[in-house]
Amino acid sequence: MHLLQSSTKRADSFTATLRALSPNLLILWWKTWKSLPIISWLRAAGHFRSGNFGSAIDFYRHGLARHPEHRAADYARLDFCYCLYRIGHLAEAEKELRILVEKEVRIRDVYLLLAEIELLLGRKTDAVLTIARCLKVFPHDVRTNYLYTRALLACGGPAKHIAILRERLYALRAKIDVRDTQAALLETAIASYELQHGQKEQGEKLLSRVLAGEDFPYEALLLKAEWYLDSGRFPQARKLAERAMSIDPNHPEPPALLAQSYLRDERIYEPSWAVALAETACKLSFWQNPIYLELLVDALERSGDHDSAELFRERASRYTTRDFHAEKVQAA
């Protein structure tokens with residue numbers, strides 16, 4: 001009896017789902033994948049759009065188990081990984097993404113999501129290698145070039161690669177239409193290069209020009225805040241970091257920048273505030289980024305809480321950032 005009731009419920013659910021589908025969606029699915037729709041993936045996509053990532057994960061997992069070789073499976077797996085990423089299941093997301101990377105799928109966002117996870121965890125070298133693989137397939141993609149710039153400069157890549165990076169960015173700028181929505185992100189990448197390895201004044205002017213636009217990229221705001229912090233202009237750095245935090249409260253970098261400003265500004269030295277902000281950065285990186293954990297340790301030490309600092313120092317040691325090995329990226 002229970003089996004009959006269960007079968008009836010599944011049939012009713014299937015019928016209800018089909019009725020909810022618009023003819024246009026059915027036609028689009030058929031044209032794209034040359035098959036009947038996979039109902040579990042359509043239901044997963046609905047939960048995905050609503051932000052119900054946990055429910056979406058269950059439906060994606062079910063569909064992938066039943067249809068691992070379907071033409072749409074790679075894209076379903078990518079969406080599945082994004083949902084895992086959003087709820088902090090980073091190890092599983094990375095494992096699933098590497099399945100796609102090893103298949104050498106030609107889906108840009110597979111590599112970019114994997115690189116974002118690696119950067120979130122402080123593994124900059126791994127991110128460089130991941131994005132380098134993406135560049136071989138999408139050499140002119142702006143976001144791929146931006147992330148490569150961000151990762152390579154963050155881990156201090158070899159001088160040869162830094163020089164090639166400059167050539168790559170300026171060659172891409174010569175080809176891109178200034179009206180392209182991605183132009184500002186490319187300018188942000190160039191500004192990042194100039195600030196660290198080129199003409200700092202030119203980089204600062206370029207970054208200011210990007211931020212003067214109506215739809216400036218979020219990355220430009222973070223870069224300017226970081227530049228102000230490194231330049232010792234702490235009030236300006238705090239203002240931009242607070243603005244970035246209000247725009248995206250789930251990004252760990254703004255609270256980390258704010259924490260550093262309260263530790264480095266002698267005029268407003270507030271280690272207790274830095275502790276709270278560093279804890280926020282750690283929480284938003286799922287307590288796995290050694291850079292943020294070490295920042296928290298520093299803040300706790302300065303506030304006099306040595307016992308807590310020792311506990312987090314031990315935790316940070318589990319996620320120690322890998323050293324940058326130049327030989328690993330010679331082929332990148």
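The values are calculated or read from the model by the stated rules, or taken from the named source; none is laboratory data. The structure displayed is predicted, hence computed values, not measured ones. We place every Cβ from the backbone using ideal geometry, glycine too, and count neighbours over all the protein chains shown. Keep in mind that these areas ignore ligands, DNA and RNA; they rest on the heavy atoms of the full protein, side chains included. Shrake-Rupley method; radii C 1.70, N 1.55, O 1.52, S 1.80 Å.
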Residue list for the stretch 70-91, restricted to those being without any contact (Cβ under 8 Å) to a residue 40 or more places away in the chain, closer than 17 Å to E104 by Cα and either among the small types (G, A, S) or open to solvent by 70 Å² or more (accessible area, probe 1.4 Å) (or both): R71, A73, Y75, A76
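Filter the stretch 207-239 down to residues that are within 19 Å of the chain's Cα centre (by Cα) and under 22 Å from V275 (Cα atoms) and give me whichever is surrounded by the most Cβ atoms within 10 Å (Cβ to Cβ). Steps first, answer last, please.
Initial filter on the stretch 207-239 (within 19 Å of the chain's Cα centre (by Cα)): 216-226.
Pick out the ones that are also under 22 Å from V275 (Cα atoms) and you get 222, 225-226.
On the way: L222: 21, A225: 26, E226: 19.
Per the stated criteria, the residue is A225.
In this structure, does Y111 turn out to be under 21 Å from R77 (Cβ atoms) and among the aromatic types (F, W, Y)? Working first, answer last.
Details: under 21 Å from R77 (Cβ atoms): yes; among the aromatic types (F, W, Y): yes.
Here the answer is yes, as Y111 does meet what is asked.
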Some residue of the stretch 92-105 being farther than 25 Å from D58 by Cβ and crowded, with 19+ Cβ neighbours inside 10 Å: no
Near pairs, Cβ below 8 angstrom, 6+ apart or cross-chain, from the stretch 33-56 (on the phi > 0 side of the Ramachandran plot) to any residue that is of a type outside the set (A, V, I, L, M): K34/R71
Close pairs from the stretch 262-287: first under 20 Å from H306 (Cα atoms), partner open to solvent by 30 Å² or more (accessible area, probe 1.4 Å) and of a type in the set (K, R), Cβ under 6 Å, at least 6 apart: P271/R302
Residues of the stretch 155-189 satisfying the condition of being under 21 Å from the mean Cα position of the chain (by Cα) and within 14 Å of R143 (Cβ to Cβ): L169, T181, Q182, A183, A184, L185, L186, E187, T188, A189
Failed condition for H67, given (1) at pLDDT 90 or above; (2) open to solvent by less than 50 Å² (accessible area, probe 1.4 Å): (2)
Lone unmet requirement of (1) open to solvent by 70 Å² or more (accessible area, probe 1.4 Å); (2) part of a helix (DSSP H, G or I) for E116: (1)
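Tell me which residues, restricted to the stretch 158-196, are more than 17 Å from E219 (Cβ to Cβ), part of a loop (DSSP other than H, G, I, E, B) and open to solvent by 50 Å² or more (accessible area, probe 1.4 Å).
We begin by selecting, within the stretch 158-196, every residue more than 17 Å from E219 (Cβ to Cβ); these are 158-164, 166-168, 170-171, 174-175, 177-179.
Next cut, part of a loop (DSSP other than H, G, I, E, B) only: 158, 177-179.
The answer is D177, V178, R179.
For the stretch 37-104, please list each of the helices (runs of 4 or more DSSP H) lying entirely inside it that holds at least 2 residues being under 24 Å from L121 (Cα atoms).
Details: elements: 39-50, 53-66, 73-86, 90-102.
In the stretch 37-104, the matching helices (runs of 4 or more DSSP H) lie at 53-66, 73-86, 90-102.
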When residues of the stretch 141-154 are limited to those that are crowded, with 19+ Cβ neighbours inside 10 Å and closer than 10 Å to T125 by Cβ, the one farthest from the chain's Cα centre (by Cα): L152
